[in-house]
C-alpha cells in the first residue's frame, strides 16, 4: 500500500498510483522504441553534426 492510501484508507489512491506507474512505464516503452528506431534502424541518432561552409 502506498503511504497516502494507507493513511486515508482510500482505494482510489492505490488505483491512481497504479495508473500513474502504468503511464510512466508506457512512456518509457515509447521512448525506448523510438530511440531504437532512430539509432539502430535508421542510423540517424548518432550522426555527426552538419558542417556549415563559411
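The values are calculated or read from the model by the stated rules, or taken from the named source; none is laboratory data. Here the structure is a predicted model, which means the values were calculated and not measured. Methodologically, a virtual Cβ is constructed for each residue, glycine included, from the backbone with ideal geometry; neighbour enumeration extends over all protein chains shown.
Does residue 53 qualify as being at pLDDT 75 or above and either in contact with a helix residue (DSSP H, G or I) (Cβ under 8 Å, 6 or more places away or on another chain) or loosely packed, with under 10 Cβ neighbours inside 10 Å (or both)? No, not satisfied. For the range 21-50, name all the residues that are surrounded by 10 or more Cβ atoms within 10 Å (Cβ to Cβ) and touching a helix residue (DSSP H, G or I) at 6+ places or on another chain (Cβ under 8 Å). The one that is surrounded by 10 or more Cβ atoms within 10 Å (Cβ to Cβ) and touching a helix residue (DSSP H, G or I) at 6+ places or on another chain (Cβ under 8 Å): 45.
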